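What follows is a set of notes on a single structure, which appears directly below.
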Amino acid sequence: MAERRFPRRVFEDGEEPDPRFSLANERTFLAWIRTSLAFTAGGVALEALAVPLQDTLRLIAALVLVAIGLALPVHAWIDWARSERAIRAGRPLPSPVAILPVAVGVVLAGGLIAVALLIGADR
């Protein structure tokens, strides 16, 4: 059966786990995808709507949000595969690698928006 499942690299080793664990891993993957959509939509909305912010800072903040939104599906896929392999092998789950970059990106975008608001308020 392993030869028919994609990605083969994930399913070729280990034992079939309790379905609840694989389904929980899949729900985590889908949560990252929803988060990615939210970041992308936030970045698009920030740039598309008539938000009264300094143009350059608004654009940079929007690009940061969209970049995070584009990177998260890649992270979600890698994290899902790493976790599924660990589950199948009976090993502890690996740490997610995108937590710090996402947090830094959110702080950066928020900081840019805050500065843009302060600059806009002075006009």
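The values are calculated or read from the model by the stated rules, or taken from the named source; none is laboratory data. Everything numeric here is computed off the predicted structure, so don't read it as measured data. No Cβ is skipped: glycine too gets one built from the backbone with ideal geometry, and neighbour counts run over all protein chains shown.
All but one of (1) part of a loop (DSSP other than H, G, I, E, B); (2) modelled with pLDDT of 95 or more hold for residue 96; state the number of the condition that does not hold.
With respect to (1) part of a loop (DSSP other than H, G, I, E, B); (2) modelled with pLDDT of 95 or more, residue 96 is out only on (2).
So the check is Cβ under 6 Å with 6+ separation or different chains; which pairs have a first residue in the range 1-23 that's in a loop (DSSP other than H, G, I, E, B) and a second one that's among the small types (Gly, Ala, Ser) and at pLDDT 85 or above?
Hits for this filter: 14/89.
Can you name every residue in the range 1-46 that is buried (at least 16 other Cβ atoms within 10 Å of the Cβ) and under 16 Å from residue 106 (Cα atoms)?
32, 35, 36, 39, 40, 42, 43, 46
Yes or no: the range 36-44 includes at least one residue that is more than 19 Å from residue 102 (Cβ to Cβ), aliphatic (A, V, I, L, M) and part of a helix (DSSP H, G or I). Steps first, please.
Here is the first cut: in the range 36-44, the residues more than 19 Å from residue 102 (Cβ to Cβ) are none.
No, every residue in the range 36-44 fails to be more than 19 Å from residue 102 (Cβ to Cβ), aliphatic (A, V, I, L, M) and part of a helix (DSSP H, G or I).
May I ask you to say which residue of 70, 65, 49 is of a type in the set (A, V, I, L, M) and at pLDDT below 95?
The unique qualifying residue is 49.
Quick check on the range 73-93: of everything there that is in a helix (DSSP H, G or I) and without any contact (Cβ under 8 Å) to a residue 24 or more places away in the chain, which residue is surrounded by the fewest Cβ atoms within 10 Å (Cβ to Cβ)?
Top of the filtered list is 74.
Could you tell me whether residue 31 is out of contact with any strand residue (DSSP E or B) (no Cβ under 8 Å at 6 or more places or on another chain), assigned to a helix (DSSP H, G or I) and within 30 Å of residue 16 (Cβ to Cβ)?
Considered against the rule, which asks whether it is out of contact with any strand residue (DSSP E or B) (no Cβ under 8 Å at 6 or more places or on another chain), assigned to a helix (DSSP H, G or I) and within 30 Å of residue 16 (Cβ to Cβ), residue 31 comes out as yes.
Of the residues 49, 53, which single one is of a type in the set (A, V, I, L, M) and either touching a His at 6+ places or on another chain (Cβ under 8 Å) or surrounded by 13 or more Cβ atoms within 10 Å (Cβ to Cβ) (or both)?
Result: 53 is the single residue among 49, 53 that is of a type in the set (A, V, I, L, M) and either touching a His at 6+ places or on another chain (Cβ under 8 Å) or surrounded by 13 or more Cβ atoms within 10 Å (Cβ to Cβ) (or both).
Table: residues versus (1) closer than 30 Å to residue 117 by Cα; (2) more than 14 Å from the chain's Cα centre (by Cα).
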residue	(1), (2)
13	no, yes
16	no, yes
21	no, yes
31	no, no
34	yes, no
42	yes, no
56	yes, yes
71	yes, no
78	no, no
